[in-house]
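The values are calculated or read from the model by the stated rules, or taken from the named source; none is laboratory data. Keep in mind that this is a model prediction, so the values were computed, not measured. Here the Cβ positions follow ideal geometry from the backbone for every residue, glycine too, while neighbour counts run over all protein chains shown. We work out accessible area using only protein heavy atoms, side chains counted, and drop any ligands, DNA or RNA first. Shrake-Rupley method; radii C 1.70, N 1.55, O 1.52, S 1.80 Å.
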Amino acid sequence: MVHTDVSDVLVAGAGPVGLTAAAELRRRGVACRIVDRLPARLPFAKAVGIQPRTLEIWDRMGLVRAALDAAVPMRGQLIYVNGAEQARLDLVLPPEVPYGFAALPQYETERILEEFLARFGTRIERGTELLSFTQDADGVSSRLLSSSGAEEEVRSRFLVGCDGAHSIVRKTLGLTFEGGAFPEEYMLADVEVDWDLPPGYGVRAMHHDAEGAVDDVLVCIPLPGPGRYRMSMLVPPELSTARRTEGADQDGVAHGLEGGRAPALPHIQAVLDRLSPQPTTASAMRWSSVFRISHRLVDRYADGRVFVAGDAAHIHPPTGAQGMNTGIQDAYNLAWKLALAAGGSAHPQLLASYDAERRPIGEEVVGRTVRHATEGIQADPTDPATLMLREAQLLVGYRGSPIVGRPHPDGDGAGPQPGDRAPDCGGLTGEIAAYPLRLYDLLRDRGHVLLLYGNGPPGDGLDELAAAARELSHGQTEPCVVLADGAPANGTRLPVYRDGRGEFARAYGAQDPTGFVVRPDGYLGTRLCPPTTQELAAHLACVFRS
């Protein structure tokens with residue numbers, strides 16, 4: 001057996017979650033290997049919904065342009081019952097949100113992330129399976145099996161399990177995976193249709209029986225390409241996996257695509273003949289499968305130097321396209337913390353905040369998607385605007401996290417609080433560039449950022465605060481000043497931008513002077529009003545080693 005030292009991180013699983021973790025680690029200079037037991041990327045349009053929050057993350061990483069070029073907009077959903085249109089839901093967000101909803105087949109998401117990862121000299125080691133691992137106080141020893149049958153023992157400081165619903169990492173750690181399964185079985189298909197329904201709209205067509213219960217359903221999500229959709233529908237009896245034993249799960253987790261007989265085009269056409277809002281013909285089927293749905297959540301997201309993310313940690317109904325996007329946020333939250341730990345600048349308890357921050361999010365998503373799958377999203381009492389923001393994952397936050405500051409005494413009226421998503425805004429201008437910038441332009445491709453706002457001339461105090469931020473974070477915090485329009489910019493060596501339209505002050509509830517620490521994942525670490533070195537040091541001491 002070959003013995004190899006990786007030194008930093010081994011990622012098991014090269015789906016969107018594992019690729020996000022590996023790409024962010026490599027972008028931050030961390031030595032990383034990523035392995036996947038499959039010999040090639042699967043051509044399946046499994047997870048297709050891309051939430052606005054995921055696009056914000058990809059913006060911060062520097063790969064959003066490739067995703068926007070490949071995706072199609074998701075403008076809304078058309079709902080039909082017994083052939084009649086019942087509702088038209090438009091996916092509208094506030095104008096300050098930089099991205100809308102999008103649809104992108106999973107194989108394209110993986111391609112984009114894989115190509116981005118390759119920029120850093122790292123490629124997926126395909127056909128390589130994680131067989132087992134052990135950990136000790138200094139690292140993790142993992143046993144890998146390649147497609148050639150050769151075994152390798154890899155030594156890494158950390159292991160990240162992004163290896164799906166049947167995760168070997170989760171099982172080896174002995175994590176519980178409590179939940180249940182839905183009795184219904186579905187079939188998926190990636191096909192073209194020739195109807196003339198509005199482009200960019202999903203379709204949900206249902207049939208109600210005499211008692212008003214749903215006894216037939218068709219859900220269609222638009223994909224790139226003329227008339228192309230990923231469709232899901234109930235399985236006919238002849239394809240039911242419940243009638244076969246060869247596809248039974250070894251671990252009791254009935255979730256995901258099934259092997260065995262796949263639906264053929266006539267199966268799809270039969271459902272369209274029953275439920276399509278317009279007469280249409282399905283053609284050019286790229287793939288199809290039978291799948292089942294479970295809802296489960298691990299009891300913890302980490303054990304020592306080993307972590308789980310994505311489907312290895314939480315599985316749930318696909319309602320609202322929450323699963324893959326939640327997993328991507330898992331990976332991004334973990335990766336910046338692992339990067340600081342690998343670089344030696346992290347507080348000893350920083351990695352513990354991954355479970356503290358992400359497990360409550362997983363619990364909420366599992367519970368909400370189960371409710372929506374059983375009762376319908378229309379049963380949600382939340383007002384429509386809040387519901388839309390939540391489905392877009394723009395309300396995910398970490399208030400109360402052990403690594404964020406205390407809320408402002410004035411509460412939400414003072415703008416975003418520590419642990420909240422840092423909102424975007426426009427109209428920022430510099431001294432040289434002749435065009436206005438978005439705040440996210442300033443945050444892109446950076447780690448921690450200290451934003452210092454004022455409507456008077458910046459003085460030596462801000463320079464001293466910025467110097468303290470750099471020193472206390474081991475050079476991991478970049479400062480910049482945002483000035484109210486008309487405020488003099490003399491007296492500082494820091495980068496200065498003007499809030500020409502007052503958008504920053506409004507979005508952040510900023511008064512003179514106010515400081516904000518924005519984390520690498522785009523959440524507020526703390527809010528300083530007024531900014532003092534003492535308060536800044538207290539916050540950074542929760543994140544960085546002293």
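At-a-glance table
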quantity: The chain, accessible surface, carbon-and-sulfur percent (1.4 angstrom probe); calculated: 51 percent
quantity: Exposed chymotrypsin sites (Phe, Trp or Tyr not before Pro) absent: longest stretch of the chain, with sites in DSSP loops and at most 16 other Cβ within 10 Å deemed exposed; calculated: 196-546
quantity: For segment 143-239, alpha-carbon Rg over 2.2 N^0.38 Å; calculated: 1.70
quantity: Dipole magnitude (debye, nearest 20) for the chain, charges at Cβ of Lys, Arg, Asp, Glu; calculated: 800 debye
quantity: Listed residues Gly486, Ala284, Ala321: farthest to the positive end of the dipole of the chain (Cβ charges); calculated: Gly486
quantity: Where the chain is the region considered: accessible area per residue in Å², 1.4 Å probe; calculated: 41 Å²
quantity: Global form of segment 424-529, assessed from the alpha-carbon gyration tensor, a/c cut-off 1.5; calculated: rounded
quantity: Positive-end residue of His267, Thr4, Pro520, charge dipole of the chain with Cβ unit charges; calculated: Thr4
quantity: Heavy atoms of Leu297: accessible area, 1.4 Å probe, square angstrom to 10; calculated: 20 Å²
quantity: Most to least accessible of Ser240, Ser147 (protein chains only, probe 1.4 Å); calculated: Ser147, Ser240
quantity: P(r) of the chain over all Cα-Cα pairs, binned every 20 Å from zero, in whole percent; calculated: 21, 52, 25, 2
quantity: From the C-alpha gyration tensor of segment 131-187, square roots of 5λ in Å; calculated: 29, 17, 8
quantity: For Glu152, net neighbour charge (Lys/Arg +1, Asp/Glu -1) across residues whose Cβ lies under 12 Å away; calculated: -2
quantity: Cβ-based net charge around Leu89, under 12 Å, with every Lys or Arg adding one and every Asp or Glu removing one; calculated: 0
quantity: Cβ-based charge dipole, the chain, positive-most Cα from Met206, Leu389, Gly15; calculated: Gly15
quantity: Shape of segment 78-206, Cα gyration tensor, a/c cut at 1.5; calculated: prolate
quantity: With all protein chains modelled, accessible area of Thr382 [1.4 Å, Å²]; calculated: 40 Å²
quantity: DSSP bridge pairs, the chain: antiparallel proportion in percent, nearest 5; calculated: 70 percent
quantity: Segment 33-150: equivalent-ellipsoid semi-axes (sqrt of 5 x gyration tensor eigenvalues, Cα, Å); calculated: 37, 19, 14
quantity: log10 of Debye I(q)/I(0), alpha-carbon scatterers only, for segment 173-228 at 0.22 Å⁻¹; calculated: -0.96
quantity: Protein-only accessible surface order, largest first, of Lys171, Lys46 at 1.4 Å; calculated: Lys171, Lys46
